[in-house]
Amino acid sequence: MKSFLLFLVSAAFSYALPIFPGERSEEQNMQLAQKYLNQFYEQENEPGQRGWKSKNSSFMTRIQEMQEFFGLNVTGKVDADTLEVMQQPRCGVPDIGQYVLTLPGWKKTKLTYRIVNYTPDMKRTDVETSIQKAFEVWSAVTPLTFSRVHKGRADITIEFATGVHPRCPRQFDGPLGVLGHAFPPSHPLRGNVHFDEDENWIANLVEQGGADNYHGTLTDDVVAPALKKAPELRSLGFPRQYTTVEFDLRLVAAHEIGHALGLAHSSVPGALMYPNYKPLNDPTDFPLSQDDIDGIQAIYGPSLNPSNKPVKPTLPKMCDPKISFDAITTLRREVIFLKGRQFWRVYPGNSEVDLESISTFWPSLPSDIQAAYENMNDQVLFFKGNHFWVISGFQMQPGYPKAIGHLGFPQTVKKIDAAVFDKNTGKTYFFVGNQYWRYDENSQAMDEDFPRIISDDFPGIDETFDAAFEHNGFFYFFHGSRQWKFDLNAKRVIGVMKNNSWFNC
Ligand code: ZN
Ligand code: CA
């Protein structure tokens, strides 16, 4: 019985998406793209910022941002792949916009929630169980607890609504498209979680030890209400096979609760916080990826219950002779050495070294940063994968992360190994594998004729880099447990030292 049920469950989900580019005119495609970008790639608002100025993004730039976010070919055109992604069922929260970076999170760990109303698609108890299980996803990896209240005020409210709905600036769009939306702790509507009642909601619950306990998927009381919306969808032109698409309430709720707790969208396709709906292959799977766990723990810290703790590497010791670093940058008069979730603050010429956690300083910055540098505008740029974040005067700037394509990197560059800014020339060097790029901070453009081969211009160094920074006119390059001190003018290595020479070990 189990395999048959599983087959039906996956059949219900393995729908092809309702895209018919051939049936739409060019103009309709453009309208669809424009609407999508207006909704999910908001114009940025970064007042009072130097350096990375806010731009009144053109249609093409926003298409490129969207293509970068989803890892598509960055064509700047509304091509078939882009249209396909634009028509997938997804969350209504923008991928880029004013409330995308949402610090600092709730100021308490004991949160309450209330189910304001119910969907007729599911049994009430299945709605309650789905919502409870969605909260358990987050309480498993954080110190947060969620208790349900039946009346009065609650921190988080769960509500089903259609179209334009009361006291909400966002609206729903009928079947498919947007499935739900939620507001982060920094928003006036904090804690509001809304689901589009025009979708077919199902419970996809598996009780422990019982394979025959798929509630709701196959029973008449659930199939019937799900089918009720079919004529509606068909009248909109969706072929019959798409009209019984069902969405797993627990999964969508867990995603929306992620927003209500302060998380933004992730561009990691396996992450729960990825904007598009992706059913789990096995409904018993834990839906969080490491990216989601890193994100939520950056705000609230890990679970206090040791049995819930995912296995983590132990805290590195700064005097370990084998120590290596993820990234290093100056930060005003300090040098910060990043590793995992932590960084050491070093005050050159002073024996003091402080260990800090990234999340305490910059809650929306992820762990395992891969490169960082400070420019002449009191900004520090942090890189991870093909994204970067900017802090300005110790404050995280809104509207980040951005794709590194904004700096002029080609789509083929998936991560930066190390970055270092040269005060004397106003140039930033980016190291990627055995190549490097040079970026002009004044003109905010990549210099021409790059990338070049590192060993051609930095003789004596034939390693890839983990990290780099500048101090007193010298570049320091790090690989594994060693560092090279490089004289830029003489173009030669003038010393090879242990990594931790900065820590007075
Ligand atoms: Zn979302
Ligand atoms: Ca919808």
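The values are calculated or read from the model by the stated rules, or taken from the named source; none is laboratory data. Source: prediction; values computed, not measured. So basically every Cβ, Gly included, is an ideal-geometry build from the backbone, and we count neighbours across all protein chains shown. Just the protein is used for accessible areas: all its heavy atoms, side chains included, with ligands, DNA and RNA removed. Shrake-Rupley method; radii C 1.70, N 1.55, O 1.52, S 1.80 Å.
Once the Cβ-Cβ distance between ARG124 and SER501 is put in as r, and R0 is 56 Å, what FRET efficiency do you end up with, to the nearest 0.05?
Details: r = 65 Å, r/R0 = 1.15.
For R0 = 56 Å, the calculated efficiency reads 0.30.
Add +1 for every Lys or Arg and -1 for every Asp or Glu among the other residues with Cβ under 12 Å from the Cβ of PRO366, and state the total. Don't skip to the answer; put the middle values down first.
Numbers: positive: ARG341, LYS384; negative: ASP291, ASP292, ASP294, ASP326, ASP368.
Result for the local shell: -3.
Output the pairs from LYS77/LYS427; LYS339/LYS423; LYS110/LYS151; LYS35/LYS414; LYS402/LYS491 with a Cα-Cα distance over 23 Å in this structure; if there are none, say none. Write out the running numbers ahead of the final one.
On the way: LYS77/LYS427 32 Å; LYS339/LYS423 25 Å; LYS110/LYS151 17 Å; LYS35/LYS414 29 Å; LYS402/LYS491 33 Å.
The pairs that break the limit, which is 23 Å between Cα atoms, are LYS77/LYS427; LYS339/LYS423; LYS35/LYS414; LYS402/LYS491.
Residue separation times 0.36 nm, minus the C-alpha to C-alpha distance between SER58 and ASN350: what's the value?
Values: separation 292, 0.36 × 292 = 105.12 nm, distance 4.87 nm.
So the extension gain works out to 100.3 nm.
According to a simple spin-label model (label point 7 Å from Cα along Cα-to-Cβ), what is the distance in nm between VAL268 and THR360?
Label at THR360, label at VAL268, 2.4 nm between them.
Between THR464 and THR425, what FRET efficiency comes out of the Förster formula 1/(1 + (r/R0)^6) with R0 = 30 Å and r the beta carbon distance, rounded to 0.05?
So, using R0 = 30 Å, E works out to roughly 0.80.
Taking the Cα centroid of region 365-397 and of region 399-447, what is the distance between the two, rounded to the nearest whole Å?
Their Cα centres are 12 Å away from one another.
What GluC sites (Glu not before Pro) in region 421-482 are in a loop by DSSP, with at most 13 other Cβ atoms within 10 Å of the Cβ? Before the final figure, lay out the partial values.
Numbers: sites: GLU441, GLU448, GLU463, GLU470; in loops: GLU441, GLU448, GLU463.
Passing sites in region 421-482 are GLU448.
Note down the net charge around THR464, summing +1 for each Lys or Arg and -1 for each Asp or Glu among other residues with Cβ under 13 Å from its Cβ.
On the way: positive: LYS415, ARG482; negative: ASP417, ASP462, GLU463, ASP466.
Every neighbour counted, the sum reads -2.
Using DSSP to define loop residues, name the trypsin sites (Lys or Arg not before Pro) in region 122-175 whose beta-carbon has at most 12 other beta-carbon atoms within 10 Å.
Values: sites: LYS123, ARG124, LYS133, ARG148, LYS151, ARG153, ARG167, ARG170; in loops: LYS123, LYS151, ARG153, ARG167, ARG170.
Of the trypsin sites (Lys or Arg not before Pro), the ones in loops of region 122-175 whose Cβ has at most 12 other Cβ atoms within 10 Å are LYS151, ARG153, ARG167.
Starting from region 373-436, pick out the trypsin sites (Lys or Arg not before Pro) whose DSSP state is loop and whose Cβ has at most 13 other Cβ atoms within 10 Å.
Numbers: sites: LYS384, LYS402, LYS414, LYS415, LYS423, LYS427; in loops: LYS414, LYS415, LYS423.
Answer in residue order: LYS414, LYS423.
Using a 1.4 angstrom probe, figure out how much accessible area region 331-385 has per residue, in square angstrom, rounded to the nearest whole.
On a per-residue basis, 36 Å².
Put a dot 7 Å past each Cα toward the Cβ at ASP368 and VAL149; how far apart are the dots in nm?
So the label points at VAL149 and ASP368 sit 3.8 nm apart.
Please report the antiparallel percentage of the DSSP beta bridges confined to region 327-503, to the nearest 5.
Values: 61 of 61 bridges.
The antiparallel proportion sits near 100 percent.
7 Å from Cα along Cα→Cβ at both GLN444 and PHE286: what's the point-to-point distance in nm?
Spacing of the two 7 Å Cα→Cβ label points: 4.2 nm.
Determine the distance separating the Cα centre of region 272-297 from the Cα centre of region 123-172; give it in Å without decimals.
The distance from the Cα centre of region 272-297 to that of region 123-172 comes to 18 Å.
When the chain is fully extended, how far beyond the present Cα-Cα distance does HIS406 get from MET376, taking 0.36 nm per residue of separation?
8.9 nm
Karplus couplings for region 377-388 from phi (6.51 cos²θ - 1.76 cosθ + 1.60, θ = phi - 60°), rounded to Hz, Gly and Pro as x?
Those phi angles translate into 9, 6, 10, 10, 9, 10, 10, 8, x, 9, 10, 9 Hz.
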